[in-house]
Amino acid sequence: MSDSSKRKRPLVADKRTVGKGSKPPRKPVAKKAPAKRKPARRAPARPKGPIGWLAALVRWVFHLIWTIVWRGTAVAVLMVALAVGYFYTTLPPLEALLDGRARGSVTLKDRYGDVFAWRGDQFGGVVTADSVSPALKNAVIATEDKRFYRHFGVSPRGIASAVKINLSEGRGPLSGHGGSTITQQVAKLLCLGEPYDASSGQTEKEYEAECRRSSLSRKGKEALFSMAMEAKYSKDDILSIYLNRAYMGGGAFGAEAAAQRFFGKPAAALKPAEGAMLAGLLTAPTTLSPTNNLDRSQSRAATVIRLMEDQGYLSKAEADNAIANPAELSEAAEAEAGGYFADWVMSSGPEFFTRNTTEDVVIKTTLDQKIQRAAEEGLSWVFENKVREGSKAQAAVVIMSADGAVRGMVGGRKTKVAGAFNRATQAMRQTGSAFKPFIYAAALDLGYSPNDLIEDAPYCLNVPGSGQWCPKNYTNSFKGNVTLTTALKDSLNIPAVKVSESVGRDVVSQVAEQFGIKSDLAVGPALALGASESTLLEMTGAYAGILNGGSSVKPYGLIDLTLQGDTDPVMGTGGGIGERVIQEDAALQLVYMMEKVVSEGTGQRAQFGGRELAGKTGTTQANRDAWFIGFSADYVAGVWMGYDDNTPLTGVSGGGLPTEIWQQVMMRVHEGLPNTPLPMIVPEPPVVQAPPQPQQPAQPQRVPRQDNPLGVIDRVLRDIFGGGRPCLCRSTALWKRKKGGRIIPASLPFVASPKAVRGDPPPRV
């Protein structure tokens, strides 16, 4: 047996034929090598004992705090998001937020159509951040919120800085600097989207003060509202709202109104100095208003310009030029003319178109700015040159034409005012002798002549309930028989009382009332001496009635009122010449008598330029009030002087300082005007006839008593008033004459014509 045969066969399984449907044999899976395990890091052994317990407690507390913080933060973020979302849904379209005024504006123009005053809430029109001057836009950002374009409505850095400043200055954290962004200021201006409700019982001013009051909760709502606005509007949209709604002083709301108000130009044309001045007003618009204190406003503007330079909005050269050439007010704003006049027009017109208007209106007035300046300058000149320094005496001036159109008005020594007490229209003062022209107006209208005589002598009346009353002249002297003209020009009291009693107090009162004195008039004999009170405006208007020929006058300042943008007036003037009060001849005779007051009497200081002038002085008891009211052929002017507390004037009468003020004012008013004579009737001088020469001695004849019915009355009059020679006076019989719908009763005569003294027939009545 060979070796090969002897070998053993390999133990291999026989090959099998894999049939259909049979599974192939599974390949043996190689065993993976066991993975190498990293050696486990042993946790540091925790200390045992009290130290371990303490460490565990600290870890637990820290874990608890961390859990509370992140969960609380998540809840807070969610709540903030919900609040912001709520405010977001309440925000209206941008256009609805640009004009938030509750009141409209009133623009006042003079008789020539030039603007001289503004009232109400001025709004010049909508502007945007892109349409205003870049100088204004940059100035606002530099001053109010230099990180405006980088925050999300709230500046934590700004708030923290403001709190730090407030605390360092000893104030509360929220008092003083607020650290508010422009967006937050807009939120405050909008009152967080809650409009004013008139039914709330609050005024609009009270509501705004309440909604803009700083508090912690209010600041929180402002922040939420601000973030909602940042989500709703763009940055320029928010800035546009601010530029339209912010109050900038002088009644101006918004940049356009302020630019027109102070500079007479649109907001798009403002220079850096002008833009800086408007931006500077935002912190304190009333205090820093250039119409209140231009120097202070310019100083604040210089600070704004330096901020603009620091933040790169202006180069050094531009900043230096702006500081060297500060913004100046427009001519209209600088003049600030007719403050008292504007207030009077606003108060005399209908409230729904003036004081409480919700529309923007334009009022054309009767004001003449040249005459207004004349009134202000004349008044100032006298107080600077004639009145002792430190005097608290006040004065008022009114100038009008004969139809009652008021051309100028000054209601006090301080002329550049708005909303101040107006002594020309609001002060009720005793008129004194300035009332006397109405006594003589009544007498002349009843047929008396300027040359009629009356006796200036001691005189007493028994006043029921008061006893005997004995008036005295200002000089405590008597002049005997004087004409009515002399009695008026020398302002004699006793003749005035006698004439008043002669024509009847009720007639005198009626004439004064019809001339326009609406105040309550005295009912006793002191009526003749000006015991009644009136305003300077009323008295000046009454004198205008004398100048125009005897017709009543209602002073007025409004010519027409138009809604802004319209051409047809909504309303016209409510004043002017009214019904006739006295006959024209009587008025022209009275003008003659009043001319003598200025040319020869108590008002001689009123003279200027060789013009014919007429007027009347007035001084009340104890010199508490001093007046001069007079006129030329062109204008009527009235002046009052006194103390607000009724302190007596020292050494001042109507013929003194008030007359000098009138002269200084009217001299300026008449510059360049032709010298027009007064409309007056000069009475014919009395004819003095030589006594007839008897041809033969007259045989005394006894005149039966019945042939001389006036004898008894003449004797009574002589017994009462003195005088030896009987005079043939006006008929003492009661007579009546119908005039202008009124019955004028006759009264006992105290006046006699010079002709009648010599036996001429009594003049016709």
Inset, instruction - Can you figure out the FRET efficiency of D520 with D634, using R₀ = 30 Å and their beta-carbon distance, to the nearest 0.05? - result: 0.40
Inset, instruction - Hey, for a label at T647 modelled as a point 7 Å past Cα toward Cβ, could you say which residues of the stretch 377-403 have their backbone N under 15 Å away? - result: 387-395
Inset, instruction - Could you list, in their original order, any pairs among K472/K616; K386/K554; K436/K479; K232/K265; K364/K616; K109/K596 whose Cα atoms are separated by more than 28 Å? - result: K386/K554; K232/K265; K364/K616; K109/K596
Inset, instruction - Hand me the trypsin sites (Lys or Arg not before Pro) from the stretch 209-295 located in a DSSP loop with no more than 11 other Cβ atoms within 10 Å, in residue order please. - result: R213
Inset, instruction - Please give the contour-minus-distance gain from A284 to L461: 0.36 nm per residue of separation, less the Cα-Cα distance, rounded to one decimal in nm. - result: 57.3 nm
Inset, instruction - Filter the chymotrypsin sites (Phe, Trp or Tyr not before Pro) in the stretch 561-638 to those in DSSP coil with at most 16 other Cβ atoms within 10 Å of their Cβ, and list the result. - result: F608
Inset, instruction - Report the FRET efficiency, 1/(1 + (r/R0)^6), for M428 and A74, where r is their Cβ-Cβ distance and R0 is 56 Å, rounded to 0.05. - result: 0.20
Inset, instruction - Could you pull out the trypsin sites (Lys or Arg not before Pro) across the stretch 128-160 that fall in loop regions by DSSP (anything but H, G, I, E, B) with no more than 12 other Cβ atoms inside 10 Å? - result: R147
Inset, instruction - With r as the distance between the Cβ atoms of W53 and K221 and R0 = 56 Å, compute the FRET efficiency 1/(1 + (r/R0)^6) and round to 0.05. - result: 0.75
Legend entry - Shape call, the stretch 199-254: gyration tensor on alpha carbons, a/c limit 1.5: oblate
Inset, instruction - May I ask which residue of N325, Y313, A269 lies farthest towards the positive end of the charge dipole of the stretch 122-335, with charges of +1 (Lys, Arg) and -1 (Asp, Glu) on Cβ and the Cα centre as origin? - result: Y313
Legend entry - Residues whose placed amide H lies under 5 Å from that of S551, excluding near-sequence neighbours: V581
Inset, instruction - Sort the following peptides by mean Cβ neighbour count (other Cβ atoms within 10 Å, averaged over residues), highest first: 543-549, 247-253. - result: 543-549, 247-253
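Each reported figure results from applying straightforward, stated rules to the coordinates on display, with no laboratory input. Everything quoted here is computed from the prediction, not taken from an experiment. Methodologically, a virtual Cβ is constructed for each residue, glycine included, from the backbone with ideal geometry; neighbour enumeration extends over all protein chains shown.
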